[in-house]
């Protein structure tokens, strides 16, 4: 079991990362990220203004990501506002 003692800010949703076993996938409301406890990687980034930009992976831009749903290790649905 891994315990994470520190986050980068407010986390609105987190769950086990299906793509990278041992990592945690989380949303800090403006981006989706994955972490192993010591390093963090961007999965879907935030836009600087309200709206979105379609894209794959870190090229996708969303202004507000309160939650997400992992369908499989390669498919994630972002829930945006």
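Can you tell me which residues in the range 19-36 are assigned to a loop (DSSP other than H, G, I, E, B) and either at pLDDT 85 or above or touching a helix residue (DSSP H, G or I) at 6+ places or on another chain (Cβ under 6 Å) (or both)?
19, 20, 21, 22, 23, 36
Quick one: residue 42 ticks every box in (1) surrounded by 12 or more Cβ atoms within 10 Å (Cβ to Cβ); (2) modelled with pLDDT of 85 or more except a single one, so which number is it?
Residue 42 satisfies all of (1) surrounded by 12 or more Cβ atoms within 10 Å (Cβ to Cβ); (2) modelled with pLDDT of 85 or more except (2).
Residues in the range 7-38 that are exposed (fewer than 14 other Cβ atoms within 10 Å of the Cβ), touching a residue at least 24 places away in the same chain (Cβ under 8 Å) and over 17 Å from residue 64 (Cβ atoms): how many?
Number of matching residues: 2.
Restricting to the range 1-18, and then to whatever is in contact with a strand residue (DSSP E or B) (Cβ under 7 Å, 6 or more places away or on another chain) and farther than 22 Å from residue 72 by Cα, can you tell me which residue is modelled with the lowest pLDDT? Give the steps one after another, and end with the answer.
We begin by selecting, within the range 1-18, every residue in contact with a strand residue (DSSP E or B) (Cβ under 7 Å, 6 or more places away or on another chain); these are 4, 8, 10-18.
Remaining after also requiring farther than 22 Å from residue 72 by Cα: 4, 8, 10.
Values: 4: 50, 8: 54, 10: 80.
Across the range 1-18, the extreme among qualifying residues is 4.
The values are calculated or read from the model by the stated rules, or taken from the named source; none is laboratory data. Note that the coordinates shown come from a computational prediction; the quantities given were computed from them, not determined experimentally. Note that each Cβ is placed from the backbone with ideal geometry, even for glycine, and that neighbours are counted across all protein chains shown.
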